[in-house]
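Asker: The structure that follows is given in the form of structure tokens.
Bear in mind these aren't lab numbers, they're just calculated from the coordinates by the rules spelled out. This structure is a prediction, so every number in the text was calculated from the model and none was measured. Cβ sites come from the backbone with ideal geometry, for glycine too, and all protein chains shown count toward neighbours.
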């Protein structure tokens, strides 16, 4: 009995690992679904730990949920888009239980469309030279429909993500209550794969840079110098990414 | 002696012998029983032989102090296993960047297999299984690390299927060696797997399952039901692990929903959901305590009592804390505790009367 249990456990390890490897090979087989070159602004170099030798590139996109203001309104991710993703928005916002009802709704898996805007279109501001130029512009359940609508793979990345419904309302300090006029909006809260491993063949480019992106962009001088590297990002058949090549960006071209 | 087939039964027999010796000494002191020297020597020799045979076959604890040392060894094994997992994770993080992808995959695949072989070796060498427990925990940790890191090397989306693989792996370890800690880890993973798939089935992201406590109820109830299964009886303490893990899943879900109705899947207002789960919580805790007492399962009775008291304290907090002076609030809590003590005392006396009759 014990011998069989141990053999079954060993077989399970091999089977699970085999499954992962086959899945990874399947994702990278055939021609990639998307290929785009991004810079350090969009791909932040991170380490799992300070003294770790492992390197990851974290895909940065905007707008982040925490920068949202009530006055911005729902934008493109409105109630009808939420319903398209499968959220049930039938309960009127005037209902006394609407807040609890909508706030209790978990995230759903969807495809997010990230538009890669050139620096001129990214807007001004103190962080304009370091901010990511990837912006969420749409979301949907059907990948094929989104691929058809956003066919330019150099400009649009369509990636699996988590979308969430938010019950937006404004707190009125004077009355110490929420002001009327609440509305529903959605947001892309996470990408299903946001941290991308740097392959060993490309590690030398990033290893020599030393500082992680957060540390590098912390100083005014570095911010004015701009990103230090670019990388080509591919998305395969299962919409999972990988990095193919990294190259340093000379200071004059930043 | 020959009727004893497992370590649990062997330990029970050894405990009975210890109590018998104490009672025999007490009876002799009270003058209720007097054995002559020959009888005493014969009895003592028999008891010694029995204990020695039990210790030889099952490595039982023959005395109270031996039992305490065994507990210390179990705690040390658990901590050692966890520390070995942490060492493995930190080692991989430290040197990961220096390895090629092929070497990374080889290290990840080899780690759980090597540790599995080490667990088997330790189990063959030592009947107490303390080293096997330590290594089995490290093996389980290595397999968790294996799937996590392998997925991240190839930038794969995380999947609830990993919980299924981890759960089955831990159960295989647990049943192969009769270890309870890997069993608890495996049952936890399988409960998460059921909850995650329930969430997926409802149209949410599978990773949302911690936000919806009701998804744990189903898995928890399955574990409680499985505790009564015949296949558990062959393994010492496995039924207890099933019951405790199941009850924790069920009661934690009820406790959260009784406080935060907005997390419920029920198509009702938050204000209606919370009282439903409060009533359900008190009824379930009361019923569990009663069933635990009736079936002489102390773990069930204790779990029910603990959750009953927790639910009660939370209710008191919501009803009175805001307006009642702190001293009065705690006075009421202590009075309730005294009331519960009196109730349990009466129950105990009644049971003692039944046992004597």
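Asker: Largest first and in whole Å, give the semi-axes of chain A's equivalent ellipsoid, each being the square root of 5 times a Cα gyration tensor eigenvalue.
Answerer: On the way: eigenvalues 237, 163, 72 Å².
Output for chain A: semi-axes of 34, 29, 19 Å.
Asker: Round to a whole angstrom and tell me the spacing of the C-alpha centers of region A:46-108 and region B:211-230.
Answerer: 31
Asker: Please average, across the residues of A:152-164, the number of beta carbons from any other chain that are within 10 Å of each residue's own beta carbon, and give a whole number. Intermediate values should be presented prior to the final figure.
Answerer: On the way: counts 0, 0, 0, 0, 0, 0, 0, 0, 1, 1, 4, 1, 2.
The per-residue average across the peptide is 1.
Asker: Using the scaling law 2.2 N^0.38 Å as the reference, what is the normalised Cα Rg of region A:157-214? Show your work: numbers first, answer last.
Answerer: On the way: Rg = 20.7 Å, N = 58, 2.2 N^0.38 = 10.3 Å.
Cα Rg divided by the expected 2.2 N^0.38 Å: 2.01.
Asker: Here's another thing I want to ask about it. Using 1/(1 + (r/R0)^6) with R0 = 60 angstrom and r between the beta carbons of residue A:209 and residue B:295, what's the FRET efficiency to the nearest 0.05? Spell out each step's value before the answer.
Answerer: Numbers: r = 65 Å, r/R0 = 1.09.
Efficiency at R0 = 60 Å is approximately 0.40.
Asker: Say a paramagnetic label sat at a point 7 Å from the Cα of residue B:341, along Cα to Cβ; which residues of region B:280-294 have their backbone N under 17 Å from it?
Answerer: none
Asker: Ratio of chain B's C-alpha Rg to 2.2 N^0.38 Å, to two decimals? Walk me through the intermediate numbers first.
Answerer: Working: Rg = 25.6 Å, N = 357, 2.2 N^0.38 = 20.5 Å.
Normalised Rg, Cα atoms only: 1.25.
Asker: Can you put A:131, B:315 in order, fewest other beta carbons within 10 Å first? Mind showing how you got there, number by number?
Answerer: Details: A:131 18, B:315 14.
Fewest to most other Cβ atoms nearby, the residues stand as B:315, A:131.
Asker: Using helices alone, what [θ] at 222 nm do you get for the protein assembly as shown, with -39,500 (n - 2.57) per DSSP H run of 4 or more residues, divided over all residues and rounded to the nearest 500? Write down the numbers at each step before the final one.
Answerer: Numbers: 19 runs with 340 residues, N = 611.
Mean residue ellipticity at 222 nm (helix-derived): -19000 deg cm²/dmol.
Asker: Let me ask you something else. Determine one quarter of the surface area of the Cα convex hull of region B:1-62, which equals its mean projected area, and express it in nm² to one decimal.
Answerer: 4.3
Asker: Same structure again: Which order, highest average first, do B:185-194, A:146-155, A:99-108, A:6-15 follow once you tally other Cβ atoms within 10 Å for each residue and take the mean per peptide?
Answerer: Per-residue mean Cβ counts within 10 Å order the peptides as B:185-194, A:99-108, A:6-15, A:146-155.
Asker: If you don't mind, another one. Express in whole angstrom the spacing between the alpha-carbon centres of region A:143-196 and region A:238-252.
Answerer: 26
Asker: Among A:202, B:28, which comes first, second and so on when ranked by fewest other beta-carbon atoms within 10 Å?
Answerer: Values: A:202 19, B:28 13.
Lowest to highest Cβ neighbour count: B:28, A:202.
Asker: How shielded is A:22-30 by partner chains, expressed as the average number of their Cβ atoms within 10 Å of its Cβ atoms?
Answerer: On the way: counts 0, 5, 7, 1, 0, 4, 1, 0, 0.
Taking all residues of A:22-30 together, the mean is 2.
Asker: When you have a sec, figure out the Kirkwood radius of the protein assembly as shown from all distinct Cα pair distances and drop it here in Å to one decimal? Don't skip to the end; give the middle numbers.
Answerer: Numbers: mean 1/r = 0.0343 Å⁻¹.
Roughly 29.2 Å, rounded to one decimal.
Asker: Per the Kirkwood definition applied to all pairs of different Cα atoms, how many angstroms is the hydrodynamic radius of region B:149-221?
Answerer: Details: mean 1/r = 0.0773 Å⁻¹.
The answer is 12.9 Å.
Asker: If you average the alpha carbon positions of region B:269-316 and of region B:80-116, how far apart do those two centres end up, in angstrom?
Answerer: Cα centroid to Cα centroid, the span is 43 Å.
Asker: Take every residue in peptide B:189-197, count the Cβ atoms of other chains within 10 Å of its Cβ, and give the average of those counts. The partial results should precede the final answer.
Answerer: Details: counts 0, 0, 0, 0, 0, 0, 0, 0, 0.
If you average over the peptide's residues, the count of other-chain Cβ atoms is 0.
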